[in-house]
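*Asks:* Before I ask anything, here is the structure I am working with.
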Amino acid sequence: MANENPFKSILKTLEKSDGGEFGKYYSLPALNDPRIDKLPYSIKILLESAIRNCDEFQVKSRDVEKIIDWENTSPKQVEIPFKPARVLLQDFTGVPAVVDLACMRDAMNSLGGDSNKINPLVPVDLVIDHSVQVDVARSENAVQANMELEFQRNNERFGFLKWGSNAFDNMLVVPPGSGIVHQVNLEYLGRVVFNTNGLLYPDSVVGTDSHTTMIDGLGVAGWGVGGIEAEATMLGQPMSMVLPGVVGFKLSGKLRNGVTATDLVLTVTQMLRKHGVVGKFVEFYGEGMGELSLADRATIANMSPEYGATMGFFPVDHVTLQYLRLTGRSDETVSMIESYLRANKMFVDYNEPQIQRVYSSNLDLNLEEVEPCVSGPKRPHDRVPLKGMKVDWHACLDNRVGFKGFAIPKESQTKVAEFNFHGTPAQLRHGDVVIAAITSCTNTSNPSVMLGAALVAKKACELGLAVKPWVKTSLAPGSGVVTKYLAKSGLQKYLNELGFNIVGYGCTTCIGNSGDIHEAVASAITENDLVAAAVLSGNRNFEGRVHPLTRANYLASPPLVVAFALAGTVDIDFETEPIGVGKDGKEIFFRDIWPSNDEVAEVVQSSVLPDMFKATYQAITQGNPMWNNLSVPTGTLYSWNPSSTYIHDPPYFKGMTMSPPGPHSVKDAYCLLNFGDSITTDHISPAGSIHKDSPAAKYLMDRGVDRRDFNSYGSRRGNDEIMARGTFANIRIVNKLLGGEVGPKTIHIPSGEKLSVFDVAMRYKNEGHATIILAGAEYGSGSSRDWAAKGPMLLGVKAVIAKSFERIHRSNLVGMGIVPMCFKSGEDADTLGLTGHERFTIHLPSSVSEIRPGQDVDVQTDNGKTFTCTLRFDTEVELAYFDHGGILQYVIRNLIHAKH
């Protein structure tokens, strides 16, 4: 079906200054189209990809024209196909992806094809950035102890991924302990420009974590997607996306003394959230860019999900090239990157006159106006200037319960809880800090704020200040490089003295892996109903996320985390109130411990060196002792262990033949679930703990797994038996078949029995009945989890009829062979008088050639009612997937039919 590329005439040779060649590239200037010069840099990356991959089937000439005409087409919500240059996976999503690849090899083998042809067609970088449980904070051996704990819990998953790293070409697996995925991506994996077999093109990436956007700070277009979209991309399939609007964000001026990159990020986050950037790109430009280090840019880009944008993009300039050299990229590579981007007019040189680009809307920020701040107590965009902290805190205590309120009665606000800590009398009040964590990839990979925090610690120690022993302190950098430059600077010892020992290099407090608070502290909080506080340098602080007992959670720069830990409370005005009393009995104020920008710059300059990056990332090829000692099978076909409760051979290819099954009508199907609006992927596929009374718990206990070893749904995503039982197992789900009752149950309509969703689905399957789901608006919103589509398919769901779908979830359903359909405008199950007790028949033509994207289809019920829906196959490629029964089956058959 693929044709010759119609743009082959603009394929040019990029020459080196010494007369050699870097390779060939598709030249955007060679199109001689004046519209291209005015395009935002981020849109040019989409354009180059469309031109390079144009085959008039998956990517068409008219898609290229839509992108060139971006100024006119983007307001119209047009869809385009996009083929990213690579895929980034974490271990949680990496496991099911590798399971699917292994399973595809088995299917290929059984159909007589060459199973070794099943490899990612697009490079895959899989980073095992195990989430560290900081159970051993304030300990010199914390890193080792946490690592041993993770290997003990996840030995089987890690071993499976190690097998995958050997079995599949085009897949790099970064072992545990190397760093947080986004930081490893920035410092090591990001190519900026690819050179593949002599063809040059911009790096772009989709990753299975929303903070994949951190790489945008390096001028690499990247954002988060669901697992099925990531799998489809790595198997060479295009992803469908709405051509986005681009907000131009102009920066001018320079940050004032004492203001950190984190202060800037929280300011930008608040501005963009207020402006409204959901589904859009944000592109930064202006003379202020020269004042921002690459780490500062990456910190802003990382927060894209918090301000709601798809990307926060920083085009490549001289600062980018300096960072590439600093992080150990070779001079030859950096020269190739600069030459290619200049030749294709994708490099920003602020020494040259700037072409005025067209943006969908514009924002301006003078960096001099940024002031020290925090965000909280419950959302990342609720910014609080540091000077207004005390006033804001008291307002939060007074306000009714909400994002900025706890509704604490006036008479209770001064309550003092007395408790005993290791034999010493102690006290807690509202606003006292019990967790202080320098955590998350957002800030712990930025040398200026990390070394700034260390300087605060040094000044505090020299003055005789200490952190109260019951405050849970921890330091979890995004990269092993941080350990090296903190050691080189001689400042780590001061952080250790205050309790900020390094606990590991994974996601910690920011994702809720805080470990336990000491039971005496926990009792004091719960028995006195105190609003205890956590201060963390992360990017998310939603209620209940950091720790169940910290109702107030503030995002702050690493140096501010240290300052608040020393103060022991968020109920403080740093300008007028002392942080504590020094060794000579004198009051110490915030200004006494805060370093100047020059002090920070000096220690960054002398302590952050290129060799540190090279040495850190040698470990990726050398591994570490625990990883290297994992014993794994060597074959290219995986030896499935039938007794494993983590890794299981899924039934996706059961009974598969060489002939596509073709479109399937749905006949006399029962309604498994009848939903209202805003059913999220968390409702469909919970990732958290496994409830003791759930079908998944029963499955595990039947196989001898103790309840304390259940782990989570997320960690068991490699076992389809667990995930099928976990589908629709969210305890907050509301199913209209239960008449408003909350919980993961439904009605088996023929018998009227109320059972778990899994048990009802299996009963229908055993009886030979198909099922459908009825839903309201925004079905499948939230995190784009692959299991939200895989789970329903395993339960036997054949179609979902909804008022509207979240974009990624709709395409994921198509990828799993489930028919997505929309009620006509103004209609839904209620207006049509559907109760969900009917039986539904959906008539589809028997040949895919008779189906058109977006056509009308009639649905009949057994009580004589007929209504019309819109079939939500949106492209010819999606129809091809449906014809084959799913995207994985489509890829296998195409590989077998391919001549090469």
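*Asks:* Considering only residues that are of a type outside the set (D, E, K, R) and either open to solvent by 20 Å² or more (accessible area, probe 1.4 Å) or within 27 Å of Gly227 (Cα to Cα) (or both), which ones fall in segment 824-837?
*Replies:* Kept after step one, since they are of a type outside the set (D, E, K, R), are these residues of segment 824-837: 825-826, 829, 831-837.
Answer for segment 824-837, where residues must be of a type outside the set (D, E, K, R) and either open to solvent by 20 Å² or more (accessible area, probe 1.4 Å) or within 27 Å of Gly227 (Cα to Cα) (or both): Ser825, Gly826, Thr831, Leu832, Gly833, Thr835, His837.
*Asks:* Restricting to segment 490-513, name every residue that is closer than 23 Å to Ala460 by Cβ and part of a loop (DSSP other than H, G, I, E, B).
*Replies:* Going through segment 490-513, the residues closer than 23 Å to Ala460 by Cβ turn out to be 490-503, 508-509.
Of everything in segment 490-513, those that are closer than 23 Å to Ala460 by Cβ and part of a loop (DSSP other than H, G, I, E, B) turn out to be Gly490, Leu491, Leu498, Gly499, Phe500, Asn501, Val503, Thr508.
*Asks:* So, in segment 746-787, exactly how many residues are assigned to a helix (DSSP H, G or I) and acidic (Asp, Glu)?
*Replies:* Keep residues of segment 746-787 that are assigned to a helix (DSSP H, G or I), which gives 757-766, 787.
Retained after the next criterion (residues that are acidic (Asp, Glu)): 759.
Residues that pass the stated criteria total 1.
*Asks:* Would you be able to say whether some residue in segment 524-544 is part of a helix (DSSP H, G or I) and open to solvent by 10 Å² or more (accessible area, probe 1.4 Å)? Break it down stepwise before answering.
*Replies:* Going residue by residue through segment 524-544, those that are part of a helix (DSSP H, G or I) are 524-527.
Checking the rest, the ones that are also open to solvent by 10 Å² or more (accessible area, probe 1.4 Å) come to 526-527.
Yes, there is a match, as at least one residue in segment 524-544 is part of a helix (DSSP H, G or I) and open to solvent by 10 Å² or more (accessible area, probe 1.4 Å).
*Asks:* Out of all the residues in segment 795-834, which are in a loop (DSSP other than H, G, I, E, B) and hydrophobic (A, V, I, L, M, F, W, C)?
*Replies:* Start the filter on segment 795-834 by keeping residues that are in a loop (DSSP other than H, G, I, E, B), which leaves 795-796, 803-804, 806, 816-818, 824-834.
Those that are in a loop (DSSP other than H, G, I, E, B) and hydrophobic (A, V, I, L, M, F, W, C): Leu795, Met816, Ile818, Ala829, Leu832, Leu834.
Table: residues versus (1) open to solvent by 20 Å² or more (accessible area, probe 1.4 Å); (2) among the polar types (S, T, N, Q); (3) at pLDDT 90 or above.
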| position | (1), (2), (3) |
| --- | --- |
| Pro425 | yes, no, yes |
| Val433 | no, no, yes |
| Ser448 | yes, yes, yes |
| Cys510 | no, no, no |
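*Asks:* Hey, another quick one. Return the pairs, sorted by first residue and then second, in which the second residue is open to solvent by 10 Å² or more (accessible area, probe 1.4 Å) and aromatic (Phe, Trp, Tyr), the first residue lies in segment 218-247 and is within 30 Å of Leu326 (Cβ to Cβ) and part of a strand (DSSP E or B), the beta carbons are less than 8 Å apart, and the residues are 6+ apart or on different chains.
*Replies:* Val246/Tyr359; Val247/Tyr359
*Asks:* Restricting to segment 658-681, count the residues that are touching a residue at least 40 places away in the same chain (Cβ under 8 Å) and over 19 Å from Lys736 (Cβ atoms). Reasoning before the result, please.
*Replies:* Step one: of segment 658-681, the residues touching a residue at least 40 places away in the same chain (Cβ under 8 Å) are 658, 660-681.
If we keep only those that are over 19 Å from Lys736 (Cβ atoms) as well, we get 658, 660-668, 681.
Result for segment 658-681: 11.
*Asks:* If we scan segment 24-42, do we find a residue that is small (Gly, Ala, Ser), more than 34 Å from the chain's Cα centre (by Cα), in a helix (DSSP H, G or I) and on the phi < 0 side of the Ramachandran plot?
*Replies:* Initial filter on segment 24-42 (small (Gly, Ala, Ser)): 27, 30, 42.
With the extra rule that they be more than 34 Å from the chain's Cα centre (by Cα), the set shrinks to 30.
Restricting the remaining residues to those that are in a helix (DSSP H, G or I) gives 30.
Next, from what is left, pick out any that are on the phi < 0 side of the Ramachandran plot: 30.
Yes.
For every residue, the table says whether it meets (1) in a loop (DSSP other than H, G, I, E, B); (2) open to solvent by less than 60 Å² (accessible area, probe 1.4 Å); (3) of a type in the set (S, T, N, Q).
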site	(1), (2), (3)
Thr634	yes, no, yes
Trp640	yes, yes, no
Ser659	yes, no, yes
Ala669	no, yes, no
Asp682	no, no, no
Ala687	yes, yes, no
His691	yes, no, no
Ala696	no, yes, no
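*Asks:* Name the single residue, out of those in segment 60-82 being open to solvent by less than 60 Å² (accessible area, probe 1.4 Å) and more than 16 Å from Val242 (Cβ to Cβ), that is farthest from the chain's Cα centre (by Cα).
*Replies:* Applying the filter and picking the extreme gives Ser61.
*Asks:* Take the residues in segment 21-49 that are over 18 Å from Ser204 (Cβ atoms) and among the hydrophobic types (A, V, I, L, M, F, W, C); name whichever of them is most open to solvent (accessible area, probe 1.4 Å).
*Replies:* Per the stated criteria, the residue is Leu31.
*Asks:* While we're on this one: On the given criteria, is Ile722 among the β-branched types (Val, Ile, Thr), outside any strand (DSSP E or B) and open to solvent by 70 Å² or more (accessible area, probe 1.4 Å)? Before the answer, list the steps.
*Replies:* Values: among the β-branched types (Val, Ile, Thr): yes; outside any strand (DSSP E or B): yes; open to solvent by 70 Å² or more (accessible area, probe 1.4 Å): no.
Taking the combined requirement at face value, the residue does not satisfy it.
*Asks:* Quick one: would you say Leu46 is modelled with pLDDT of 95 or more, aliphatic (A, V, I, L, M) and assigned to a strand (DSSP E or B)? Even if it seems obvious, please write down each step before you answer.
*Replies:* Details: modelled with pLDDT of 95 or more: yes; aliphatic (A, V, I, L, M): yes; assigned to a strand (DSSP E or B): no.
No: the conditions fail for Leu46.
*Asks:* Scan Val334, Val316 and give me the residue that is closer than 23 Å to Pro29 by Cα, outside any helix (DSSP H, G or I) and open to solvent by less than 10 Å² (accessible area, probe 1.4 Å).
*Replies:* On the way: Val334 fails: outside any helix (DSSP H, G or I).
When all the criteria are applied, what remains is Val316.
*Asks:* Within segment 700-708, is there a residue that is part of a strand (DSSP E or B), open to solvent by less than 30 Å² (accessible area, probe 1.4 Å) and farther than 26 Å from Leu774 by Cβ? Even if it seems obvious, please write down each step before you answer.
*Replies:* Step one: filter segment 700-708 for residues part of a strand (DSSP E or B), giving none.
Among the residues of segment 700-708, not one is part of a strand (DSSP E or B), open to solvent by less than 30 Å² (accessible area, probe 1.4 Å) and farther than 26 Å from Leu774 by Cβ, which makes the answer no.
*Asks:* Of all the residues that make up segment 752-789, how many are charged (D, E, K, R), surrounded by fewer than 23 Cβ atoms within 10 Å (Cβ to Cβ) and farther than 19 Å from Ile801 by Cα? Let's see the steps before the verdict.
*Replies:* Just the residues of segment 752-789 that are charged (D, E, K, R), to begin with: 753-754, 759, 763, 765, 767, 778, 785-786.
Pick out the ones that are also surrounded by fewer than 23 Cβ atoms within 10 Å (Cβ to Cβ) and you get 753-754, 759, 763, 765, 767, 778.
Cutting the leftovers down to farther than 19 Å from Ile801 by Cα gives us 753-754, 759, 763, 765, 767.
Going through segment 752-789 one residue at a time, the tally reaches 6.
*Asks:* If a residue must be within 18 Å of Val143 (Cβ to Cβ) and in a loop (DSSP other than H, G, I, E, B), how many such residues does segment 460-489 contain?
*Replies:* The total comes to 3.
*Asks:* Of all residues in segment 390-405, which are surrounded by fewer than 23 Cβ atoms within 10 Å (Cβ to Cβ) and of a type outside the set (Gly, Ala, Ser)?
*Replies:* Pass one, segment 390-405, residues surrounded by fewer than 23 Cβ atoms within 10 Å (Cβ to Cβ): 390-392, 394-395, 397-405.
Within segment 390-405, Lys390, Val391, Asp392, His394, Leu397, Asp398, Asn399, Arg400, Val401, Phe403, Lys404 meet the criteria.
*Asks:* Taking the stated definitions as given, is Pro548 more than 17 Å from His394 (Cα to Cα), modelled with pLDDT of 95 or more, out of contact with any helix residue (DSSP H, G or I) (no Cβ under 7 Å at 6 or more places or on another chain) and open to solvent by 10 Å² or more (accessible area, probe 1.4 Å)?
*Replies:* On the way: more than 17 Å from His394 (Cα to Cα): yes; modelled with pLDDT of 95 or more: no; out of contact with any helix residue (DSSP H, G or I) (no Cβ under 7 Å at 6 or more places or on another chain): yes; open to solvent by 10 Å² or more (accessible area, probe 1.4 Å): yes.
In short, no.
*Asks:* Just one of the numbered conditions (1) free of Cβ contacts under 8 Å to residues at least 24 places away in the same chain; (2) in a strand (DSSP E or B); (3) under 26 Å from Gly743 (Cβ atoms) is not true of Gln860; which one?
*Replies:* Unmet for Gln860, out of (1) free of Cβ contacts under 8 Å to residues at least 24 places away in the same chain; (2) in a strand (DSSP E or B); (3) under 26 Å from Gly743 (Cβ atoms): (3).
*Asks:* So Asp18 passes all but one of these: (1) modelled with pLDDT of 95 or more; (2) open to solvent by 50 Å² or more (accessible area, probe 1.4 Å). Which condition number does it fail?
*Replies:* (1)
*Asks:* Oh, and also: Could you tell me whether segment 887-897 includes any residue that is out of contact with any Ser or Thr (no Cβ under 8 Å at 6 or more places or on another chain) and assigned to a loop (DSSP other than H, G, I, E, B)? Can you show your working first?
*Replies:* Residues of segment 887-897 that are out of contact with any Ser or Thr (no Cβ under 8 Å at 6 or more places or on another chain), as a first pass: 887-897.
Checking which are assigned to a loop (DSSP other than H, G, I, E, B) leaves us with none.
Within segment 887-897 (the criterion being out of contact with any Ser or Thr (no Cβ under 8 Å at 6 or more places or on another chain) and assigned to a loop (DSSP other than H, G, I, E, B)), the answer is no, since none of the residues qualifies.
*Asks:* Scan segment 523-564 for residues that are farther than 20 Å from Arg429 by Cβ and of a type in the set (Asp, Glu) and report the count.
*Replies:* 1
To keep it simple, each residue is scored yes or no on (1) basic (Lys, Arg); (2) touching a Pro at 6+ places or on another chain (Cβ under 8 Å).
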{"residue": "Lys16", "(1), (2)": "yes, no"}
{"residue": "Tyr25", "(1), (2)": "no, no"}
{"residue": "Ser49", "(1), (2)": "no, yes"}
{"residue": "Glu56", "(1), (2)": "no, yes"}
{"residue": "Ile67", "(1), (2)": "no, no"}
{"residue": "Pro75", "(1), (2)": "no, no"}
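*Asks:* Just name the residue that is surrounded by the most Cβ atoms within 10 Å (Cβ to Cβ) out of those in segment 796-816 that are in contact with a Gly (Cβ under 8 Å, 6 or more places away or on another chain) and at pLDDT 95 or above.
*Replies:* Residue satisfying both the conditions and the ranking: Ala802.
*Asks:* Report yes if Thr621 is of a type in the set (Ser, Thr, Tyr), open to solvent by 20 Å² or more (accessible area, probe 1.4 Å), free of Cβ contacts under 8 Å to residues at least 60 places away in the same chain and not in a loop (DSSP other than H, G, I, E, B), otherwise no. Write out each step before concluding.
*Replies:* Working: of a type in the set (Ser, Thr, Tyr): yes; open to solvent by 20 Å² or more (accessible area, probe 1.4 Å): yes; free of Cβ contacts under 8 Å to residues at least 60 places away in the same chain: yes; not in a loop (DSSP other than H, G, I, E, B): yes.
Yes: the conditions hold for Thr621.
The values are calculated or read from the model by the stated rules, or taken from the named source; none is laboratory data. Keep in mind the model is a prediction, meaning the values are calculated, not measured. Cβ atoms come from the backbone with ideal geometry, glycine included; neighbour counts cover every protein chain shown. SASA here: full protein model, heavy atoms, side chains in, ligands and nucleic acids out. Shrake-Rupley method; radii C 1.70, N 1.55, O 1.52, S 1.80 Å.
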